[in-house]
1. How much accessible area does residue A:246 have with a 1.4 Å probe, in Å² rounded to the nearest 10?
2. Measuring from centroid to centroid over Cα atoms, what is the spacing of the stretch A:42-89 and the stretch B:234-290 in Å?
3. Work through the residues other than residue A:194 whose Cβ is under 15 Å from its Cβ and net out their charges, Lys, Arg +1 and Asp, Glu -1.
4. Using +1 on the beta carbon of Lys and Arg, -1 on that of Asp and Glu, and nothing else charged, what's the dipole of the stretch B:189-316 about the Cα centre, debye to 20?
5. Run through the DSSP bridge list for chain B and note the antiparallel percent, rounded to the nearest 5.
6. What is the spread of the Cα atoms of the stretch B:186-315 along each of their three principal axes, largest first, in whole Å?
7. Taking 0.36 nm per intervening residue step and subtracting the Cα-Cα distance, what contour gain separates residue A:62 from residue A:30 on full extension?
8. So how far apart, in nm, are the two label points at residue B:211 and residue B:122 if each is 7 Å from Cα heading toward Cβ?
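The values are calculated or read from the model by the stated rules, or taken from the named source; none is laboratory data. Keep in mind the model is a prediction, meaning the values are calculated, not measured. Virtual Cβ from ideal backbone geometry, glycine too; neighbours counted across all protein chains shown. Accessible surface areas use protein heavy atoms only, side chains included; no ligands, DNA or RNA. Shrake-Rupley method; radii C 1.70, N 1.55, O 1.52, S 1.80 Å.
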Amino acid sequence: MAEDDKRIRDLRLMANTIRVDIVTTARDCAEGVHAGGSLSLAEVLSVLFFSELKVNPKDPKDPNRDRLVLSKGHANIGLSSAMAHRGFFSVDELKRFDQLGAPLSMHVDMHRMPGVEISSGSLGHGLPVAVGMALAGKLDKAPWRVFAIVSDGEIMEGSCWEAMMAAAHYKLNNLTMVMDRNRFCLDGPTETIMSLEPFEDKLRAFGWRVISVDGHDVVALLKAFADKAPGDDRPRVIVCNTVKGKGVSFLENTAGAHFTQLKPDKAAIALEELAAARAAIK
Amino acid sequence: MIDTEKLIGISSRDAFGLTLADLAQNDPRIVALTADLAASVRLADMIKIAPERVFNFGIAEQDMMGAAAGLALSGKIPFVTTFAVFASLRAAEQARTDIAYNSLPVRICASHGGFGLAVGGATHHALEDIAIYRNMPGMTVIVPADGVEASAAVRAVMDLPGPSYIRLSRPTEPTVYTTYEPFAIGKARRVTTGKDLTFIAYGGSVGYSLNAAELLKADGIHAGVVDMATIKPLDIDAVLEAAKNSSAIMTVEEHNIIGGLGTAVAEVLAEAGVAIPFKRHGIYDHFTTAAPYPELLALYKMDANGIAGTAREFLKKH
């Protein structure tokens, strides 16, 4: 048990570290970053990169690695932090975010980021790509699995529903869609801009096995990823109910958190809040 | 290899189907994708030999194009099939962002190019596909002249490390080649020479231009034909050689005159500082109507008579 407790504590600490990186970059990067939808993913990224994904930073092209597609490619600051701490590249690279010649910038770029499977940024692309990967895995009877992090706003793109149909049709139970249900897109709440509810019923109706969790609860996330349902041939979606801008009080549940540059005074408040949250992690 | 006799007198899409099945038999990496057009783009033979490697995505081209990227990233050689109009418009962003930007070896085999599905009307005519695909960095763009060349072209793209777009034809093109030769990507094939005029064409327009050249002999006009089957990368030397060896150049393509081969050739001539009477022939920036294919060919002056007539008018002005 003690070992489990330590593991969970470490995953929570890593989520906090990712948030600190996001806030620091939002302060130091003159162009600003996609803070809101990266802060909402901190626990998800921590659990994926430090527990669930079978990946090897020393051999990023290992043929038997699990594949992760960050379909919501604008959350690259979150992904970059998680991958840097996992050892795919130096944590110092975060300091050069968006700069000419740097590997990291607003959107995910496979040409510049070691360990990234595919470039993304334009929405509605990742799930179809993940479907192709999962088809190849099935064809080869491969042991590796495919994960696609998709945003709730992005699901408004028709291509996502095309891919959902295909995944169910081809019984791609080697595919997990990780849905960041933070309830905001750029212009406002998803339910105001283009209502998605009854969201989980829709996913279920498209032939997916739906697991719904608090996306900030590390224990719940670990349990959800561990839920393999042997014999069930449906693709799996883990709906992570999250808070946009999570961890920074003045960014939480605001559309403005989507893309932001933080003035030093604001960043200081955010970092204080995150330090307090870190101290409270038992 | 397929007996060349079998490739003569069949359309490029028929030749594609035969060739893909032949390749797939010997290479387990090959997978085919379609969006409810398996029969139309001639996947029947591949389905017969390897049904588990043919994926039908239903009427969902964007998902299909993205999935092709995922398959390529996982070690497969995907052949994506649909109509040219959907490959170039409906799923253009997926082709550009998922496939071209990531330099993936996906072969986009788009049938019913030009106004090949003639009675289908403007919704089903692809007259901007070459302009769109040649604007994607790293994309190879090929339109074979007939079944024999199509088969060779499909074999040739197997060795490409990056993406390619191959436009195929629903109507059977006039026969241009009766012997099989390996297809050299980026190399034009000069079929005939003529001191007065060179037609530079691709697809069925190569055969119609050859026939037009025959008709022009009666007027004492000596016209040659260059088969520019690879539109990208364009064979610049072949364009300049045509400009050197003949007095005028006319491009012929079932495509809007904006953005296609005509534009590509004009770019070469202008940048080389070559002053030569030059004409782009094709569809003159308007939407096309619906009628049987031979009637559309005549209406838009894309058959032998139409091309010859257009050439006469053009040469008269110079």
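1. 60
2. Computed from Cα coordinates, the inter-centre distance equals 49 Å.
3. Details: positive: A:181, A:183, A:202; negative: A:152, A:154, A:157, A:187, A:191, A:197.
Charge balance near residue A:194 sits at -3.
4. In total the dipole reaches around 240 debye.
5. Given both bridge residues lie in chain B, the antiparallel proportion sits at roughly 15 percent.
6. 40, 33, 23 Å, listed from the longest principal axis down.
7. Once the chain is fully extended between residue A:62 and residue A:30, it gains 7.9 nm.
8. 2.7
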